[in-house]
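The values are calculated or read from the model by the stated rules, or taken from the named source; none is laboratory data. None of the values given here were measured: they were computed from a predicted structure. When we count neighbours, we look across all protein chains shown, and the Cβ atoms used for this are built from the backbone with ideal geometry, even at glycine.
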Amino acid sequence: MFMRFRRTIFDTILRPPYHAPAMTNPLFNPVSPKELAEVGQVIDIKENIENFERLVEFVEADLETDSAESRPRRWRAAPVDIRLEFAWSDSLQKIPVVRGQISASIVSVCQRCLEVFPLQINASLKWLLLEPGEEPGEMTDLASHEVWELEQEFVRLVDIVEESLLMAMPLAPKHESVDSCATPVKEFEVVGVETSRPFSDLKSQMEKSEK
């Protein structure tokens, strides 16, 4: 696992950290969003897909339709690149916000040709982090942010990252180009199907009665 932190992950003189012991993983340890916003915390980190349990379950369910031989053997070890930036969303410094970028190559089944392929996910995240009973202020930009309601004062950042990844997954993943599909698309095209219009006869009868 490769980790690169900026500014406040370890003890510094000017900006103390949020009291996490050295060499701990900030994604999996409960942290205070307000403390991270206060110091303008920036986290750059690389994790493996296998460390995101819900995402692994999602992918495994998708791969069940494919033969075991065609599945990549080490897809769980694929990296997830994560960048998180914490700040205040309002001038009163009451509501913390986390913005960032997540990128990963996740194995999926193409819904066009039913072949396994690497799906590139590049997701932007913008979360307002509200404590229990807390309401966003009038100046908070709700239109461009998702709202994460904390169950307590602390949160595991891995949960926010994983939720953002799952939200970025398309409902029907496909190869970017038809030419990349293993099976020609024409084999999946429906030919000679008549479109049923149940009210077409009624409309013609009404037109005849008006004449």
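Let me confirm something: among A172, A182, which residue is surrounded by fewer than 18 Cβ atoms within 10 Å (Cβ to Cβ), within 16 Å of the chain's Cα centre (by Cα) and touching a residue at least 12 places away in the same chain (Cβ under 8 Å)? When all the criteria are applied, what remains is A172.
Among the residues examined, R7 qualifies as modelled with pLDDT under 90, of a type in the set (D, E, K, R) and closer than 29 Å to E151 by Cα.
Are any residues in region 27-52 in a loop (DSSP other than H, G, I, E, B), touching a residue at least 60 places away in the same chain (Cβ under 8 Å) and over 19 Å from the mean Cα position of the chain (by Cα), and if so, which ones? It would help to see each step written out before you state the result.
Residues of region 27-52 that are in a loop (DSSP other than H, G, I, E, B), as a first pass: 27-30, 32, 39-41, 52.
From what's left, touching a residue at least 60 places away in the same chain (Cβ under 8 Å): 27-30, 32, 52.
Residues satisfying the conditions are N29, P30, S32.
Each residue in region 96-129 was checked for being among the hydrophobic types (A, V, I, L, M, F, W, C) and either at pLDDT below 90 or farther than 20 Å from W148 by Cα (or both), and 11 pass.
Checking W88 against (1) at pLDDT 95 or above; (2) aromatic (F, W, Y); (3) in contact with a Pro (Cβ under 7 Å, 6 or more places away or on another chain): exactly one of these is not met. Which one? That leaves (1) as the condition not met.
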